Amino acid sequence: MASAPAIDEKTQCYHCGEVCFSENIKVADKFFCCEGCKLVYQVLNQNDLCEYYNLNENPGITQRIKVRKDKFAFLDDESIQSKLISFRNDKEVHATFYLPQMHCSSCLYLLENLHKLDHGIISSKVNFTRKEATIVFAAGRISFRQVAELLTGIGYEPYISLNDLSQKRPAVNKGLIYRLGVAGFCFGNIMLMSFPEYFGIDASETGLRTIFRGLNFLLAIPVFLYSAYPFYESSWKSLKHRFLNIDAPIALAIIITFIRSTWEVISGSGGGYFDSMTGIVFFMLAGRILQDKTYRQLSFERDYTSYFPVAVSVLKEDREVTVTLPSIKPGDTLLIHNEELIPADGILTKGKAFIDYSFVTGESIPVSKDTGELVYAGGKQTGGNIEILVVKEVAQSYLTSLWSRDEFKKEGNKQVSFVHVLSRWFTYIVFSIAFSAALYWKLHDPSHIWPAVTAIFIIACPCALLLSNTFTNGNILRILGRNHFYLRSAQTIESLAGITHVVFDKTGTLTSNLEQDINYEGEPLTELQKLKIATLANCSTHPLSRLLAKKFYGAAKGGTVEAFKEKAGEGIEGYVGDEIVKIGSMKFVTGKTDHSPGTAVFVSFDNKLSGCFRFSNHYREGSPKLLKELRKKYSLSVLSGDNESEKANLRMLFGERATLLFYQKPESKLAYIKKLQSKGEKVMMIGDGLNDAGALKQSNAGIALSEQSNNFTPASDAIIDARRLTDLGKFIRLCRANKRIIEASFILSIVYNIIGLFFAVQGHLSPLIAAILMPSSSLTILLITFGSSSLIARKMKL
């Protein structure tokens with residue numbers, strides 16, 4: 001039996017904001033919900049870090065659920081450390097930790113001041129988008145394990161998965177940035193030394209013109225050979241596959257411009273067009289970097305190893321030993337603690353299991369398992385400690401075999417950007433004009449063939465189309481990222497713009513895993529009884545009990561929990577004030593069996609049944625408005641691994657034309673997506689769990705929904721914050737506007753090309769005209785793309 005302190009009136013925890021049920025846990029005039037939150041406050045206060053609380057109200061993470069003492073013992077293993085540490089010498093160690101609890105500016109402040117909490121920490125740098133902290137600590141003063149425990153102690157428990165051991169994080173590719181720097185330097189200096197050419201200043205007598213032209217030639221060489229290399233590489237790969245992408249005509253224009261300019265400088269007939277060539281390369285690289293930088297912040301390729309922990313507790317000779325997951329073999333006995341993942345299929349040998357499979361199967365209600373029953377990998381134990389006898393290795397479990405199936409590999413869904421199609425036709429037209437010009441001048445004046453043909457390729461380069469595409473996409477990606485909607489690539493923008501059918505998962509997507517709707521059935525409860533229920537429920541670690549405690553937050557003063565006893569997975573009873581209160585299953589409370597559908601928690605006072613609380617799915621705020629908007633333009637479907645208990649609610653939300661399917665297994669969801677695509681539908685799938693992984697991969701646009709509490713999202717084309725799901729309609733409209741902006745800017749670039757071609761086909765293209773057309777075209781494109789996309793986003797209030 002255990003005891004609980006007295007109850008106070010409604011008070012929020014100063015650290016995390018949760019309800020306080022005791023008047024004894026406080027420091028000065030500040031109340032805390034548990035000793036853990038109080039301890040974190042005292043640590044921050046002692047180290048002058050209480051500015052943490054001034055940046056945001058109640059910014060902390062609740063410390064009610066304690067992390068067991070030896071959870072990070074596996075980090076003492078040198079073989080594991082070597083795979084997680086990015087740099088180490090005799091003086092310092094560098095390591096990056098994924099901290100999913102990071103959520104506000106207070107978190108940034110605290111995590112970047114870790115050196116004040118422990119002098120062994122040298123520095124810490126936070127990447128808020130990736131929710132990562134790169135920490136540098138002194139070797140010998142603090143260990144890798146102690147750093148993880150320090151983070152856990154202040155509420156930021158590092159999430160270290162099996163995937164972190166299997167592969168090293170790829171280094172950031174800075175090649176494009178270096179190429180951009182070279183192009184920018186050369187472009188600026190070539191423009192500076194070309195002013196005599198622009199204004200027709202005769203500097204031949206002093207020899208300066210020859211020197212300037214020679215320097216321009218030398219400066220153009222690194223741009224031609226180094227900075228422009230990505231365009232040559234991309235063009236060559238596309239031609240090998242007999243496909244003409246947008247980089248091919250651009251690469252051709254760069255080569256022809258360089259060759260003609262070199263010939264002019266060597267022959268002394270002119271200064272060439274090195275400024276145009278280097279400027280084009282510079283602007284195109286800038287647009288490509290802007291586009292790439294936005295979506296490379298997150299990992300979109302994930303498998304089950306990102307979901308599994310690095311190590312687990314194994315019982316050997318009655319001792320608890322930490323063993324890495326790959327070392328687990330059939331016959332081992334695993335000790336699974338509260339809120340820990342089951343990593344392998346096995347038989348329950350001890351304890352009462354209450355397993356949450358929602359992330360794997362889509363079932364919204366935890367499953368109860370008794371001794372002797374089979375449990376599958378991927379579920380999370382929500383009750384007390386249990387022991388499992390492993391029957392299959394991790395690599396052979398149901399979950400991993402499901403992931404490895406051939407049918408879960410994306411097929412027949414490669415999309416080609418409309419920009420490449422435009423570029424292809426544009427290139428055909430340019431070649432036709434060049435051929436016609438060459439034929440004309442061959443008949444009239446052969447000396448004009450070379451100047452005319454090369455000028456056509458220089459002027460008619462489709463760089464404006466590429467600039468409009470990259471800069472618009474980059475700005476759209478930036479706007480969406482600012483609104484917590486992260487796309488894998490710019491191609492995803494086009495995929496979203498072209499969808500015709502939207503498919504939703506139910507559990508964890510339309511509904512929240514953090515909340516449930518609770519309805520009471522039975523004799524009316526007094527305010528005192530409500531608080532007694534909340535007080536007893538607060539002593540339990542079961543998720544349904546915590547929801548009950550939250551429901552009655554703010555009730556009037558009640559009694560004291562003198563003692564309580566909890567039976568894992570069944571219920572809790574205790575003396576609250578002058579009564580014996582029981583909450584739990586019907587069998588636990590009354591000894592009888594409950595045959596009614598759904599999930600219910602029964603309550604009794606002094607062994608007299610008062611009623612029950614029925615739990616149902618809580619649909620996210622704004623879901624009705626979103627679905628009403630989507631069903632006007634798209635066909636809708638729901639694929640749920642759960643039962644049909646929510647069918648009536650879903651029908652009301654989705655309308656009569658929507659398809660509602662229940663009891664859907666992962667392979668069933670995948671088959672449904674393929675069926676829609678075979679009918680010509682462009683499908684967008686929104687899901688959150690491993691059971692959605694195959695469908696997300698196969699869909700034209702797969703969106704993984706991420707809740708703050710989730711450590712994992714399956715492989716997808718995009719990741720959306722659960723709080724912004726209701727803005728999905730706006731995001732799709734913005735992506736559709738993207739295509740119209742690119743088309744408009746392309747039309748404008750055609751106007752510039754026509755003006756330039758007018759001079760080019762005559763064989764007369766002065767350096768001044770070329771110098772004016774190139775930057776004016778590029779700057780106009782930038783103004784249109786940034787201005788239009790930003791204006792549309794502002795109108796949508798994004």
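Quick notes on this one:
- Among the residues making up the range 560-579, those that are open to solvent by 60 Å² or more (accessible area, probe 1.4 Å) and either modelled with pLDDT of 80 or more or part of a loop (DSSP other than H, G, I, E, B) (or both) are 565, 566, 575, 578.
- Check on residue 633, farther than 23 Å from residue 518 by Cβ and either small (Gly, Ala, Ser) or part of a loop (DSSP other than H, G, I, E, B) (or both): yes
- Odd one out for residue 592, checked against (1) over 19 Å from residue 566 (Cβ atoms); (2) buried (at least 17 other Cβ atoms within 10 Å of the Cβ): (2)
- For the range 595-609, the set of residues classified as open to solvent by less than 20 Å² (accessible area, probe 1.4 Å) and more than 28 Å from residue 649 (Cα to Cα) consists of 604, 605, listed by residue number.
- Residues in the range 610-652 that are of a type in the set (Lys, Arg) and open to solvent by less than 30 Å² (accessible area, probe 1.4 Å): 620 only.
- Selection of the range 88-145 for residues being open to solvent by less than 10 Å² (accessible area, probe 1.4 Å), part of a loop (DSSP other than H, G, I, E, B) and in contact (Cβ under 8 Å) with a residue 60 or more places away in the chain yields 99, 100.
- Set side by side, the residues 455, 534, 438 differ, and just one is assigned to a helix (DSSP H, G or I) and either free of Cβ contacts under 8 Å to residues at least 24 places away in the same chain or in contact with a Lys or Arg (Cβ under 6 Å, 6 or more places away or on another chain) (or both), which is 438.
- Considering the range 196-245, and only residues there that are part of a helix (DSSP H, G or I), β-branched (Val, Ile, Thr) and open to solvent by 30 Å² or more (accessible area, probe 1.4 Å), the residue that is modelled with the lowest pLDDT turns out to be 210.
- Of the residues making up the range 1-17, none is open to solvent by 50 Å² or more (accessible area, probe 1.4 Å), at pLDDT 75 or above and among the aliphatic types (A, V, I, L, M).
- Of all residues in the range 722-738, those that are within 24 Å of residue 469 (Cα to Cα) have Cβ atoms under 6 Å from Cβ atoms of residues that are part of a helix (DSSP H, G or I) and open to solvent by 50 Å² or more (accessible area, probe 1.4 Å), 6 or more apart or on another chain, in 729/629.
- Checking each residue in the range 367-400 for being open to solvent by less than 30 Å² (accessible area, probe 1.4 Å), under 19 Å from residue 665 (Cα atoms) and either modelled with pLDDT of 80 or more or not aliphatic (A, V, I, L, M) (or both) picks out 375, 377, 378, 379, 397, 400.
- Residues in the range 211-232 that are free of Cβ contacts under 8 Å to residues at least 12 places away in the same chain and more than 40 Å from the chain's Cα centre (by Cα) were compared, and the one that is nearest to residue 180 (Cα to Cα) is 221.
- Tally of residues being modelled with pLDDT under 90 and out of contact with any Pro (no Cβ under 8 Å at 6 or more places or on another chain) across the range 176-187: 1
- Output for the range 246-257, where each listed residue is in contact with a Phe, Trp or Tyr (Cβ under 7 Å, 6 or more places away or on another chain), among the hydrophobic types (A, V, I, L, M, F, W, C) and closer than 12 Å to residue 281 by Cα: 250, 251, 253, 254
- Take the conditions (1) surrounded by 16 or more Cβ atoms within 10 Å (Cβ to Cβ); (2) of a type outside the set (Asp, Glu); (3) modelled with pLDDT of 75 or more; (4) closer than 15 Å to residue 153 by Cα; residue 42 misses just one of them, which is (1).
- Residue match in the range 479-486 (condition: in a helix (DSSP H, G or I), surrounded by 19 or more Cβ atoms within 10 Å (Cβ to Cβ) and touching a residue at least 12 places away in the same chain (Cβ under 8 Å)): yes
- Residue 517 being over 29 Å from residue 617 (Cβ atoms), open to solvent by 50 Å² or more (accessible area, probe 1.4 Å) and at pLDDT below 85: no
- The range 653-662 - residue that is out of contact with any Leu (no Cβ under 7 Å at 6 or more places or on another chain) and under 25 Å from residue 512 (Cβ atoms) and, of those, most open to solvent (accessible area, probe 1.4 Å): 659
- Near pairs, Cβ below 6 angstrom, 6+ apart or cross-chain, from the range 177-192 (touching a residue at least 12 places away in the same chain (Cβ under 8 Å)) to any residue that is open to solvent by less than 50 Å² (accessible area, probe 1.4 Å) and of a type in the set (D, E, K, R): 190/275; 191/275
- The condition (being modelled with pLDDT under 80, out of contact with any helix residue (DSSP H, G or I) (no Cβ under 6 Å at 6 or more places or on another chain) and either under 29 Å from residue 76 (Cα atoms) or of a type in the set (A, V, I, L, M) (or both)) is satisfied by just one residue among 356, 318: 318.
The values are calculated or read from the model by the stated rules, or taken from the named source; none is laboratory data. Nothing here was measured: the structure is a model prediction, and the numbers come from that model. Reconstructed Cβ throughout: ideal geometry from the backbone, glycine too, with neighbour counts over all protein chains shown. Ligands, DNA and RNA are excluded from the accessible area calculation, which covers all protein heavy atoms including side chains. Shrake-Rupley method; radii C 1.70, N 1.55, O 1.52, S 1.80 Å.
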